[in-house]
1. When only C-alpha pairs under 8 Å and at least 6 residues apart count, what is the relative contact order of segment 204-340, in percent?
2. For Lys223, give me every one of the lysines with a C-alpha distance below 23 angstrom, ignoring sequence neighbours fewer than eight places off in its own chain.
3. Please label the shape of segment 1-150 as rounded, prolate or oblate, based on the square roots a ≥ b ≥ c of the eigenvalues of the alpha-carbon gyration tensor (a/c under 1.5 means rounded; beyond that, a/b larger than b/c means prolate, else oblate).
4. Starting from the Kirkwood Rh over alpha-carbon pairs, what translational D in µm² s⁻¹ does segment 186-292 have by Stokes-Einstein at 20 °C and 1.002 mPa s?
5. For a 23 Å ceiling on Cα separation, which of these pairs sit above it: Lys96/Lys315; Lys257/Lys315; Lys184/Lys258?
6. For segment 82-147 and segment 5-24, what is the centre-to-centre distance using only Cα atoms, to the nearest Å?
7. May I ask you to order 49-56, 320-327, 262-269, 67-74 by the average number of other C-beta atoms within 10 Å around their residues, highest value first?
8. Would segment 76-153 count as rounded, prolate or oblate if I go by the C-alpha gyration tensor, calling it rounded below 1.5 in a/c and otherwise prolate when a/b exceeds b/c, oblate otherwise?
Amino acid sequence: RLMLGIETSCDETSAAVVADGQSVRSLVTYSQIAIHQAFGGVVPEVASRQHVAVITRTVEQALTEANVQLSQLDGIAVTCGPGLLGALLVGLSAAKGYALVSGLPFFPVHHIAGHVAAAGLEAQWRPPMLCLVVSGGHTELLVVDENFRFQRLGGTVDDAAGEAYDKVARLCGLNYPGGPEIDKLAAQGNPDALDLPRSFLDSEELSFSFSGLKSAVANRLEKARRNHEYLPVEDICASFQQAVLDVLVTKTSQAAKKTGLRRIVVAGGVAANRGLRQAMTQLACRADLEIFFPNPVYCTDNGAMIAAAGSHMMKAGRHGTLDVNAYANLSFAEWQNLTS
Ligand code: ATP
Ligand code: MG
Ligand code: FE
């Protein structure tokens, strides 16, 4: 069963052909990172225009590389939200066009469900599972069931983990996106060099907060500047990352206890982080849990994860119709109501 997946929710234009939600036949991604780097972040209007410029090429190339024609596919999946509205509309319109001319089943995908489905690419997909999603816009604990339905247990009350990485990187004068840069530098620094806050650590609540951590780093840097104190950037990165990891690991462990789930997916762009992968693997050993990480190449936005999500929807008999809209904000409940 071959699924075409299209993703344009933010700053990558991506399309892929995936078999059975698992085997990636092709993946083509045009990243706009270099374009947005000049602005230090994603500019929505620039993103939409760039998607328009390359969307057709991206999809055609994904089909060519998979060596399939539209008529040989079994379905078309596309991100319908959440994300930048103008960016989403580009992929959605293209997908509707392909679905209309081919008559293929159409699957509107929740972007975060796509990040979770990335864990099943070239790996075993074994719901029910507990999911920790850590990306540029989200930090959430979820449960995914056998019908690819999601239940939200909790999430961030302010910034997302990836957002905190990007903001702290900016404070340190590092390039956008900051996650990969901090990841590298943190490995060479002292995680105890700076005393930084860890929100909700002693609370039973499954919530996260990262804006106070970012402010604490900013204040500490300002103090060092005033006192002509030298703080190695490696130490700042290591200390910041340790604070993030402590919270993510503790909350995931609490959620596992609360739900009784023993299989855990860690997904989203920040799941590519080497420190996080290490810390979660240690937790898995300690607490006898089974942990699933997407291959790092499937952690950030890509069409393959959307195709995989579409396959799980198809298996659960959850089809969409072509009157589906793009949604900047989209809860799991709202998404689940879009299909029947
Ligand atoms: P969302 O999925 O919430 O809509 P997004 O699609 O922009 O947001 P992703 O593409 O999933 O986010 O991930 C991008 C984020 O991941 C960025 O904030 C980036 O800094 C972060 N990131 C990428 N690689 C790493 C890494 N190795 N360590 C930490 N963070 C990382
Ligand atoms: Mg991105
Ligand atoms: Fe994403």
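Read-outs: derived from the displayed coordinates by stated rules, not from any lab. Note that the structure is predicted; figures quoted are calculated from it, not measured. Methodologically, a virtual Cβ is constructed for each residue, glycine included, from the backbone with ideal geometry; neighbour enumeration extends over all protein chains shown.
1. Working: 81 pairs, mean separation 24.9, N = 137.
Reported as a whole number, the value is 18 percent.
2. Those lysines meeting the cut-off are Lys167, Lys214.
3. Judged from the Cα gyration tensor, segment 1-150 comes out oblate (a/c at least 1.5, b/c at or above a/b).
4. 143
5. Beyond 23 Å between Cα atoms: Lys257/Lys315; Lys184/Lys258.
6. When both Cα centres are located, 9 Å separates them.
7. Per-residue Cβ counts within 10 Å, averaged per peptide and sorted highest first, yield 262-269, 49-56, 320-327, 67-74.
8. Taking the square roots of the gyration eigenvalues as a ≥ b ≥ c, segment 76-153 is oblate.
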